[in-house]
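A.B. asks: Quick one: the structure is below, questions incoming.
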Ligand SMILES: CC(C)(COP(=O)(O)OP(=O)(O)OC[C@H]1O[C@@H](n2cnc3c(N)ncnc32)[C@H](O)[C@@H]1OP(=O)(O)O)[C@@H](O)C(=O)NCCC(=O)NCCS
């Protein structure tokens, strides 16, 4: 599997994160702080520092090396700006061949069909290059944008988990969905 070769879509370049992205990640976190806060765990002030970004990126690369998680950025075509972030996390091999997908897009890129474009390409990569059989994605019932995106991407509802994840400090129910490889 060649993790270092970027994948290009009409509007973005998808590639594994790198420690050299720390400044770009800090900008993404700062610029999207209010946009992402309702959908993510509570963040302390340290989260918005360069050191924290360096640490996150170093841990991300190590997780990919260990085949545990594959954290990606979708960059603009010039490679200067993070448009979106997504991760194939909690990779389990053996009889399961499955992982969880998490994602976010910058506020000013939302509502343009860009996340769908990015994830359609990324999912094809995960099923082919990562040899995933099932990709799971879960969302809060009030996260309409996420629910609609997953439906368009071919994810199917499989369940409802009460108090599933602690988001913005509250244990929130989630709708559980999956997309399973066709063949
Ligand atoms: C969830 C999230 C990624 C969805 O992003 P998004 O931009 O709405 O997703 P899409 O790329 O599918 O875009 C769909 C929108 O673009 C519009 N659009 C414009 N041009 C389009 C095109 N060429 N193709 C498809 N859709 C297009 C669609 O009409 C739709 O807008 P609408 O919902 O207002 O009708 C985003 O809201 C986000 O980052 N939220 C915060 C983090 C989060 O919730 N993460 C997920 C936790 S489970």
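The values are calculated or read from the model by the stated rules, or taken from the named source; none is laboratory data. Remember, predicted model here, so these are calculated numbers, not experimental data. For neighbour counting, all protein chains shown are included, and Cβ atoms are generated from backbone atoms with ideal geometry for every residue, glycine included.
A.B. asks: Within the range 168-183, can you find the residues that are within 12 Å of the ligand (Cβ to nearest atom) and either farther than 23 Å from residue 116 by Cα or not in a strand (DSSP E or B) (or both)? Show your work before the answer.
C.D. replies: Filtering the range 168-183 for residues within 12 Å of the ligand (Cβ to nearest atom) gives 168, 172, 174-177.
168, 172 - these are the residues of the range 168-183 that are within 12 Å of the ligand (Cβ to nearest atom) and either farther than 23 Å from residue 116 by Cα or not in a strand (DSSP E or B) (or both).
A.B. asks: Can I ask one more? Name every residue in the range 91-111 that is in contact with a strand residue (DSSP E or B) (Cβ under 8 Å, 6 or more places away or on another chain) and more than 22 Å from residue 25 (Cα to Cα), in order of residue number.
C.D. replies: Pass one, the range 91-111, residues in contact with a strand residue (DSSP E or B) (Cβ under 8 Å, 6 or more places away or on another chain): 91-92, 96-106, 109.
91, 92, 96, 97, 98, 99 - these are the residues of the range 91-111 that are in contact with a strand residue (DSSP E or B) (Cβ under 8 Å, 6 or more places away or on another chain) and more than 22 Å from residue 25 (Cα to Cα).
A.B. asks: Any idea which of (1) over 15 Å from residue 106 (Cβ atoms); (2) more than 15 Å from the chain's Cα centre (by Cα); (3) in contact (Cβ under 8 Å) with a residue 60 or more places away in the chain is the one residue 31 doesn't satisfy?
C.D. replies: Just one mismatch for residue 31, condition (1).
A.B. asks: Still on this structure, please answer the following. Checking residue 10 against (1) in contact with a helix residue (DSSP H, G or I) (Cβ under 8 Å, 6 or more places away or on another chain); (2) assigned to a helix (DSSP H, G or I), which single condition isn't satisfied?
C.D. replies: Only one criterion in (1) in contact with a helix residue (DSSP H, G or I) (Cβ under 8 Å, 6 or more places away or on another chain); (2) assigned to a helix (DSSP H, G or I) is unmet by residue 10, namely (2).
A.B. asks: Hey, among 61, 65, which residue is under 22 Å from residue 7 (Cβ atoms) and free of Cβ contacts under 8 Å to residues at least 24 places away in the same chain?
C.D. replies: 65
A.B. asks: Can you confirm whether residue 4 is at pLDDT below 95 and more than 16 Å from the ligand (Cβ to nearest atom)? Lay out the reasoning, then the answer.
C.D. replies: Working: at pLDDT below 95: yes; more than 16 Å from the ligand (Cβ to nearest atom): yes.
When the stated conditions are applied, residue 4 passes them.
A.B. asks: Exactly one condition in (1) free of Cβ contacts under 8 Å to residues at least 60 places away in the same chain; (2) under 24 Å from residue 43 (Cα atoms); (3) in a strand (DSSP E or B) is not met by residue 158; state its number.
C.D. replies: (2)
A.B. asks: Just a yes or no: is a residue in the range 94-110 at pLDDT below 95 and away from the ligand (no atom under 15 Å from the Cβ)? Give the derivation first.
C.D. replies: Pass one, the range 94-110, residues at pLDDT below 95: none.
No, because not a single residue in the range 94-110 is at pLDDT below 95 and away from the ligand (no atom under 15 Å from the Cβ).
A.B. asks: Right, next: Do we have residue 86 as in a loop (DSSP other than H, G, I, E, B), touching a strand residue (DSSP E or B) at 6+ places or on another chain (Cβ under 9 Å), more than 8 Å from the ligand (Cβ to nearest atom) and in contact (Cβ under 8 Å) with a residue 12 or more places away in the chain here?
C.D. replies: no
A.B. asks: Looking only at residues in the range 23-52 that are under 30 Å from residue 128 (Cβ atoms) and away from the ligand (no atom under 13 Å from the Cβ), which one is surrounded by the fewest Cβ atoms within 10 Å (Cβ to Cβ)?
C.D. replies: Looking at residues that are under 30 Å from residue 128 (Cβ atoms) and away from the ligand (no atom under 13 Å from the Cβ), I get 24.
A.B. asks: Continuing with this model, one more query. I'd like to check something: does the range 116-134 contain any residue that is within 16 Å of the chain's Cα centre (by Cα), in a strand (DSSP E or B) and within 13 Å of the ligand (Cβ to nearest atom)?
C.D. replies: First, the residues of the range 116-134 that are within 16 Å of the chain's Cα centre (by Cα): 116-127, 130, 132, 134.
Among the residues that remain, those that are also in a strand (DSSP E or B) are: 134.
Right, trim to within 13 Å of the ligand (Cβ to nearest atom) and you get none.
No: zero hits.
A.B. asks: If you take the residues of the range 135-152 that are under 14 Å from the mean Cα position of the chain (by Cα) and without any contact (Cβ under 8 Å) to a residue 60 or more places away in the chain, which of them is farthest from the ligand (Cβ to nearest atom)?
C.D. replies: First pass over the range 135-152, keeping only residues under 14 Å from the mean Cα position of the chain (by Cα): 135-139, 146, 149-150.
Subset that is without any contact (Cβ under 8 Å) to a residue 60 or more places away in the chain: 135-139, 149-150.
Details: 135: 13, 136: 11, 137: 7, 138: 7, 139: 4, 149: 4, 150: 8 Å.
Among those that are under 14 Å from the mean Cα position of the chain (by Cα) and without any contact (Cβ under 8 Å) to a residue 60 or more places away in the chain, it is 135.
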